[in-house]
Amino acid sequence: QVQLVESGGGLVQAGGSLRLSCVASGSIFSINVMGWYRQAPGKQRELVATITSGGSTNYADSVKGRFTISRDNAKNTVYLQMNSLKPEDTGDYYCNAKILVPFVDYWGKGTLVTVSS
């Protein structure tokens with residue numbers, strides 16, 4: 001079992017920055033990929049960024065150049081640094097951890113990001 005707790009959401013003006021944190025606990029040695037997803041009101045949950053246990057990163061086209069995912073293994077924490085925020089970045093942001101074999105998906109409860117225009 002893996003538990004994920006997000007923090008760092010809030011209200012920010014367009015052009016501003018926020019940093020989200022996700023602390024993982026439990027069977028963290030089994031995690032292969034961690035990432036952030038978001039869900040805007042009335043829309044499906046979508047990938048924002050992922051980072052593998054080896055440090056490889058992947059980003060949605062809509063956030064490339066503005067968001068940075070990173071990890072601190074000593075703190076069991078994954079971060080999402082969000083710069084140049086836009087109103088369309090508004091939504092609930094969820095931390096995700098994947099164990100590939102056997103496949104298991106874990107989710108945090110989410111943290112709300114609101115970007116005002």
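The values are calculated or read from the model by the stated rules, or taken from the named source; none is laboratory data. Values in this document were obtained by computation on a predicted structure and should not be read as measured data. As a convention, Cβ positions derive from the backbone with ideal geometry for all residues, glycine included, and neighbour counts pool all protein chains shown. Note: accessible area is taken over every heavy atom of the protein model, side chains too, but ligands, DNA and RNA are not part of it. Shrake-Rupley method; radii C 1.70, N 1.55, O 1.52, S 1.80 Å.
For segment 1-99, carbon and sulfur atoms together expose 47% of the accessible surface, with a 1.4 angstrom probe and every protein chain in place. When the chymotrypsin sites (Phe, Trp or Tyr not before Pro) in segment 24-117 are filtered for DSSP coil states and for at most 16 other beta-carbon atoms within 10 Å of their beta-carbon, the remaining sites are PHE103. Per residue, the chain exposes an accessible area of 53 Å² to a 1.4 Å probe, with every protein chain left in place. In loop segments of segment 10-117 as defined by DSSP, the trypsin sites (Lys or Arg not before Pro) with at most 16 further C-beta atoms inside 10 Å of their C-beta are LYS43, ARG45, LYS64, ARG66, LYS109.
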